[in-house]
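Derivation of every value follows stated rules applied to the coordinates shown; laboratory data play no part. Remember, predicted model here, so these are calculated numbers, not experimental data. Positions of Cβ are generated from backbone atoms using ideal geometry, with glycine treated the same way; all protein chains shown enter the neighbour counts.
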């Protein structure tokens, strides 16, 4: 049910963006890829950042002088490591834990402000659908993570010809722990990416 709602949201955003763009001065479409430096906040996980990757596309619509809206659809892989005392916090947790991988279909909707054509400030919400995750946290195979995530992004983007270099910080606002309320888990991290305009 949640997946259908998010797919409907993607379709709505795409149609709305394209129809709005027809009224505006221009529309840009592009692809992007990058690296994530992420951690899951909470005493159940180690206080260290780990590398993952991102891949997807973006649409940028000019809405006013120096202002744009930039929706994106990204595949994000986040990596983290469970704390050594995980099984002490959660009875039935595994004592020999591997790295934890979380794969999300992420939908950022950013408001862009460009004081110059080469430099852009970005901020906005990001919705995430958990597409897969390690099921090794609990001995009984119980799923540990919620299927949805919500966060806020902020960062900068450099615009060089048809290329866009961006750096962002992601602050998770939703508790993604689906085991209990003993510990709140929230995604947090940096994302560095390079995008290329194709239209």
Task: Ratio of Rg to Rh over segment 26-185 (Cα coordinates, Kirkwood Rh, two decimals) - done: 1.05
Open item on the list: Under a crude label model (7 Å from the Cα following the beta-carbon direction), how far is residue 66 from residue 109 in nanometres?
Closed with: 2.5
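Can you tell me how much longer the chain between residue 199 and residue 161 gets when fully stretched, taken as 0.36 nm per residue apart minus their C-alpha distance, in nm with one decimal? All intermediate terms of the calculation are to be shown ahead of the outcome.
Working: separation 38, 0.36 × 38 = 13.68 nm, distance 1.24 nm.
Between residue 199 and residue 161, full extension yields an extra 12.4 nm.
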TODO: Apply 1/(1 + (r/R0)^6) to the Cβ-Cβ distance of residue 29 and residue 178, taking R0 = 30 Å, and write down the FRET efficiency to the nearest 0.05.
DONE: 0.25
- [ ] Post the alpha-carbon centroid distance, segment 135-160 to segment 103-120, in whole angstrom.
- [x] 19
Open item on the list: Starting from 0.36 nm per residue, how many nanometres of slack lie between residue 123 and residue 192 once their C-alpha separation is accounted for?
Closed with: 23.4 nm
